[in-house]
Structures are given as C-alpha cells and as structure tokens.
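Here the structure is laid out as structure tokens; the discussion comes afterwards.
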Amino acid sequence: MIHRTSRRPVALAAALSASLLLGACAGDVDEPDPSPEATEAQEPVALTVGLTYTPDIQFAPWYVAEAQGYFTDEGLDVELRHHGASESLFGALEAGEEDVVVAGGDEMLQAHSQGVPIINIATVYHGYPVALIVPEDSPITDASDLEGHTVGIPGPFGETWFGLLALLADAGLSEDDVSIEHIGFTQQAALTAGHVDAIMGFSNNDAVQFELADLPVRTIALTSEGEPPLVGIGLGAHEAIIGEHPEALRGLVAATERAIADIAADPAAAVEMSAGHVPGLESPDARATAQATLEATVPLYDGEAEADRSAQWQQMADFMAAHDLLGEHLDATGAVTDEFRQP
C-alpha cells in the first residue's frame, strides 16, 4: 500500500501552469514535438482515488490494478485513499483532497445536483447491485407482495434507499403501502431474527453473507423487466482534474478495466492481490468469503453497457427528481461524460 502524508492531488497542476506562463513570455516560438524517449521520461501524474470507507474486497479492481502495475503502465502515480468513518462521501473530493471517487452513479448525480463538482467518467457495475432479500420460505414472491409488510433499510440514503423507491414504483406501491424500518447496517441480524419481513441489500454482498451463514434467502429484482432507472458504482472525477489531466483519467479507466478482466479470469488470485489492503484476509474463511463476493460481482461488471449513457442518466435524473432526491440542477447532461470510455 502506498502511504503519503504531504502529497496533494493533481500534483503537476502548479508546475504545468508555471511552464505555460514561461512559454507565453518567451514568445511564439515553434517547439519540436517531444521525442518518445522524452515523453517516457516525464514524471507520472499523481492521482488520489477515494475508496469509500472500510477497506473491502469490493474495491478489488483498484487493489489489483496497483498490484499488477497497471497504474504505472499508464504513467500514473495513484494513491488509494479510504475514507474515515465519519467522513462524508464526497467531502474529500470537494476539499481537493481526492481527484476521483468510487461511488454509485445515482449518488454522484444527487451530489452533482447539489453543486458538488463531480462528473461520472466510467461505469464499473453495469448491473445495479441492490435487491430485495427475503427468507426462502417467505410469502413475498415479488415486489407487489410487499404491501403491508415491513422492509428494513440502513436509512433514507444511498443505493439501498434509491433501490427501494425503484422497486416500489415498479410494483405500483407507495412508501405508505409498506412499513419502512431504518435498521442501520444490521440487515442479516434483523432479517434472521424476524424483526423485519424483508431487507434491501446488495446481491454481491448481503445475499452472499446469508448463503455462507447457511441462512436460506431469496433475492427479488427491483424491476419486473430490465434494469431499474438507476446507475451502479463507477468512477467520478473532480471537474478540475478532467480539464487538467484528461489523459491521466483515460489511463485510470484503462487500468481499471484491465484489472476487472483479471478478476473475472481468476477471482482467487484477485483476493490474494487484495490481501495487503484488506485486514483479515490471511484467514482462509475470510478469503473464501471474499472470493464468493467477487464471484457474485463479476456478473455486475459484465452487464451490457449503454450505447448512450447520457440518455440513461437523464432517465435516472427524471426518476430521482420525481422522488425529490435531487437539488436544483435536474439536467443530467453535465453529470456524465463518455470522453474516457475505452473504444
């Protein structure tokens, strides 16, 4: 793991500004294109990538990219930074302490609508990871059966909350038709003890945890057909870094995609490469759990990418605005770009 205490994001910005100023003072003199050797000798671009909260196998694409040297291959010096427990999701990006953050597309859109200078540059989960989870013997067989039942969520925020709203809308239900309990991150205990009839959780995490604990459950999709009007986890960049170092961001996306291909080919090896970041992975049981989580995540990576992401994001903006989840800026056009997608 890379540790830096005084390193700032966008480390080359000041140097680039100074060089541009000197060039202007020298007059309009044609300069030869740099040789390949000179290009290769340039200092790597420093990027700080925010990985939200606790180190976890869910961040394997960036752990693997670091371990495999993919960031270096792209001319990058990447610091992977986990957030503090009390830190807001986009606070470090707003403060200039991070250049890029990993978060849900819907979370980014909400933040962008509230004035946070974040733009989505890549989708990592092409499938939405949230599902309704019920005990295997539950009478709830689809979302319409939720009427009159109790559903537990961590709270009225984030992807589980957005997912519940999408599920209810698709089933023709309102929030008043169900009893919504804010249970924190105690989904497994709450469902197992019967405190709630169902929970909103992650198909590649919570559902896996139930299975490994020999607690039989079923997952119910958010919509009866297709994907919900929400966008899953991806990479969001500060507007400033997009203007200053677009090639660095293109390299970051490429490195991430190479790492995802490695994970899909060999999840066990990806767990091994993540062990230096995730505490406790020296335990065989923890490694088995991490591998099961990655294996459940691979289908989310492989979901079909939208040909026109702007249309997908506007659909999400319309849905979220209808549920009073956005700030003043309801047009999704400025919240997403396809500039950094790989051909």
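Could you list, in sequence order, all residues of the range 172-190 that are over 25 Å from N205 (Cα atoms) and small (G, A, S)?
G172, S174, listed by residue number.
For the range 111-146, enumerate the residues that are more than 19 Å from the chain's Cα centre (by Cα), in a strand (DSSP E or B) and of a type in the set (A, V, I, L, M).
Scanning the range 111-146 gives L132, I133, V134.
Given the options E97, E66, E79, name the one that is in a helix (DSSP H, G or I), among the charged types (D, E, K, R) and touching a residue at least 24 places away in the same chain (Cβ under 8 Å).
After ruling out the rest, the residue left standing is E66.
Being modelled with pLDDT under 95 and hydroxyl-bearing (S, T, Y) is the filter here, so list the residues in the range 43-81 that pass it.
T52, Y53, T54
Within the range 243-261, track down each residue that is in contact (Cβ under 8 Å) with a residue 40 or more places away in the chain and either outside the structural domain of N120 (by TED's automatic domain parsing) or under 18 Å from the mean Cα position of the chain (by Cα) (or both).
Passing the criteria: L249, R250, G251, L252, V253, A254, A255, T256, E257, R258, A259, I260.
To keep it simple, each residue is scored yes or no on (1) more than 20 Å from the chain's Cα centre (by Cα); (2) free of Cβ contacts under 8 Å to residues at least 40 places away in the same chain.
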| site | (1), (2) |
| --- | --- |
| A290 | no, no |
| E295 | no, yes |
| P299 | no, no |
| D302 | no, no |
| S310 | no, yes |
| Q315 | no, no |
| D318 | yes, no |
| V336 | no, no |
| E339 | no, no |
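On the basis of being crowded, with 17+ Cβ neighbours inside 10 Å, part of a loop (DSSP other than H, G, I, E, B), touching a residue at least 24 places away in the same chain (Cβ under 8 Å) and in the same structural domain as R250 (by TED's automatic domain parsing), does V196 make the cut? Reasoning before the result, please.
Working: crowded, with 17+ Cβ neighbours inside 10 Å: yes; part of a loop (DSSP other than H, G, I, E, B): yes; touching a residue at least 24 places away in the same chain (Cβ under 8 Å): yes; in the same structural domain as R250 (by TED's automatic domain parsing): no.
Taking the combined requirement at face value, the residue does not satisfy it.
Only one of (1) surrounded by fewer than 24 Cβ atoms within 10 Å (Cβ to Cβ); (2) in contact (Cβ under 8 Å) with a residue 60 or more places away in the chain; (3) farther than 30 Å from L222 by Cα fails for S113. Which number is that?
(3)
Of all residues in the range 279-297, count the ones that are in a loop (DSSP other than H, G, I, E, B) and under 21 Å from A265 (Cα atoms).
1
Could you list, in sequence order, the residues of the range 262-278 that are part of a helix (DSSP H, G or I) and touching a residue at least 60 places away in the same chain (Cβ under 8 Å)?
Taking the range 262-278 and keeping what is part of a helix (DSSP H, G or I), we get 262-265, 267-274.
Across the range 262-278, the qualifying residues are D262, I263, A270, V271, M273, S274.
Quick one: is P228 part of a loop (DSSP other than H, G, I, E, B), touching a residue at least 12 places away in the same chain (Cβ under 8 Å) and within 30 Å of L168 (Cβ to Cβ)? Before the answer, list the steps.
Working: part of a loop (DSSP other than H, G, I, E, B): yes; touching a residue at least 12 places away in the same chain (Cβ under 8 Å): yes; within 30 Å of L168 (Cβ to Cβ): yes.
Answer is yes for this residue.
Report whether or not L230 is within 24 Å of H126 (Cβ to Cβ) and among the hydrophobic types (A, V, I, L, M, F, W, C).
The answer is yes for L230.
Kindly indicate which of V253, V278 is under 21 Å from L89 (Cα atoms) and touching a Leu at 6+ places or on another chain (Cβ under 9 Å). Before the answer, list the steps.
Details: V278 fails: touching a Leu at 6+ places or on another chain (Cβ under 9 Å).
Being under 21 Å from L89 (Cα atoms) and touching a Leu at 6+ places or on another chain (Cβ under 9 Å) holds for just one of V253, V278, which is V253.
Filtering the range 265-279 down to residues that are closer than 14 Å to A65 by Cβ, of a type in the set (G, A, S) and modelled with pLDDT of 95 or more, which residue is farthest from the chain's Cα centre (by Cα)? Spell out the reasoning first.
Of the range 265-279, the ones closer than 14 Å to A65 by Cβ are 269-270, 273-274, 276-277.
Retained after the next criterion (residues that are of a type in the set (G, A, S)): 269-270, 274, 276.
So of that shortlist, the ones also modelled with pLDDT of 95 or more come out as 269-270, 274.
Numbers: A269: 22, A270: 18, S274: 17 Å.
Restricting to residues being closer than 14 Å to A65 by Cβ, of a type in the set (G, A, S) and modelled with pLDDT of 95 or more, the top hit is A269.
When the residues of the range 148-162 are filtered to those that are surrounded by fewer than 20 Cβ atoms within 10 Å (Cβ to Cβ) and more than 19 Å from G105 (Cβ to Cβ), which remaining residue is farthest from the chain's Cα centre (by Cα)?
My answer is G148.
The values are calculated or read from the model by the stated rules, or taken from the named source; none is laboratory data. All figures in this text were calculated on a predicted structure; none of them were measured in a lab. When we count neighbours, we look across all protein chains shown, and the Cβ atoms used for this are built from the backbone with ideal geometry, even at glycine.
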